[in-house]
């Protein structure tokens with residue numbers, strides 16, 4: 001999970017999208033994870049260097065699904081998926097998260113990071 005989150009944040013930075021946005025009304029919008037999975041395909045050893053590719057599988061009304069491909073020397077090691085939901089927390093309201101729509105400009109930006117259809121990571 002840690003590696004997928006780190007690569008997701010790199011993707012967002014590259015896209016110019018903030019992980020946390022402070023809104024003019026004092027609320028904060030962020031992307032908490034609601035689902036995480038990882039399927040292992042082959043072993044690696046301690047100290048092996050791996051490459052992690054990330055892409056956007058789907059942008060929903062309030063959610064973004066990311067896919068990850070882990071490789072070592074060109075060999076598939078694992079695949080992963082993370083689903084995040086755009087949420088707002090309003091201070092002083094018990095810190096409850098409320099799902100909000102993914103802004104159109106963010107959805108359009110994330111669409112540029114889509115995995116090509118023929119390279120989608122198979123789900124299990």
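The values are calculated or read from the model by the stated rules, or taken from the named source; none is laboratory data. None of these values were measured; they are calculated from a predicted model. Using ideal geometry, Cβ is built from the backbone for each residue, glycine included, and neighbour counts are taken over all protein chains shown.
Can you say whether residue 67 is over 17 Å from residue 85 (Cα atoms) and either at pLDDT 95 or above or surrounded by 14 or more Cβ atoms within 10 Å (Cβ to Cβ) (or both), as far as the supplied structure shows? So that I can check it myself, show each step before the final result.
Values: over 17 Å from residue 85 (Cα atoms): no; either at pLDDT 95 or above or surrounded by 14 or more Cβ atoms within 10 Å (Cβ to Cβ) (or both): yes.
For residue 67, the condition - over 17 Å from residue 85 (Cα atoms) and either at pLDDT 95 or above or surrounded by 14 or more Cβ atoms within 10 Å (Cβ to Cβ) (or both) - is not met.
Of all residues in the range 32-58, how many are outside any loop (DSSP other than H, G, I, E, B) and either under 16 Å from residue 3 (Cα atoms) or in contact (Cβ under 8 Å) with a residue 24 or more places away in the chain (or both)? Explain how you work it out, then say what you get.
Of all residues in the range 32-58, those outside any loop (DSSP other than H, G, I, E, B) come to 33-40, 51-58.
Still in the list and also either under 16 Å from residue 3 (Cα atoms) or in contact (Cβ under 8 Å) with a residue 24 or more places away in the chain (or both): 33-40, 51-57.
Going through the range 32-58 one residue at a time, the tally reaches 15.
For the range 14-31, what are the residues that are assigned to a loop (DSSP other than H, G, I, E, B) and either more than 14 Å from residue 107 (Cα to Cα) or free of Cβ contacts under 8 Å to residues at least 60 places away in the same chain (or both)? Spell out how you get there, then give the answer.
Residues of the range 14-31 assigned to a loop (DSSP other than H, G, I, E, B): 16-19, 23-27, 31.
Selection gives 18, 19, 23, 24, 25, 26, 27, 31.
Restrict the check to the range 72-82 and report whether at least one residue is in contact with a helix residue (DSSP H, G or I) (Cβ under 9 Å, 6 or more places away or on another chain), over 16 Å from residue 1 (Cα atoms), modelled with pLDDT of 95 or more and surrounded by 13 or more Cβ atoms within 10 Å (Cβ to Cβ).
So in the range 72-82, the residues in contact with a helix residue (DSSP H, G or I) (Cβ under 9 Å, 6 or more places away or on another chain) come out as 80-82.
When the remaining residues are screened for being over 16 Å from residue 1 (Cα atoms), the result is none.
The answer is no, given that none of the residues of the range 72-82 is in contact with a helix residue (DSSP H, G or I) (Cβ under 9 Å, 6 or more places away or on another chain), over 16 Å from residue 1 (Cα atoms), modelled with pLDDT of 95 or more and surrounded by 13 or more Cβ atoms within 10 Å (Cβ to Cβ).
Modelled with pLDDT under 95 and crowded, with 16+ Cβ neighbours inside 10 Å: which single residue out of 96, 88 fits that description? Full working, then the answer.
Working: 96 fails: crowded, with 16+ Cβ neighbours inside 10 Å.
Within the list 96, 88, the selection yields 88.
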Next item on the list: Return the residue satisfying two criteria in turn: it lies in the range 1-11 and is surrounded by 13 or more Cβ atoms within 10 Å (Cβ to Cβ) and in contact (Cβ under 8 Å) with a residue 12 or more places away in the chain, and of such residues it is farthest from the chain's Cα centre (by Cα).
Entry: 3
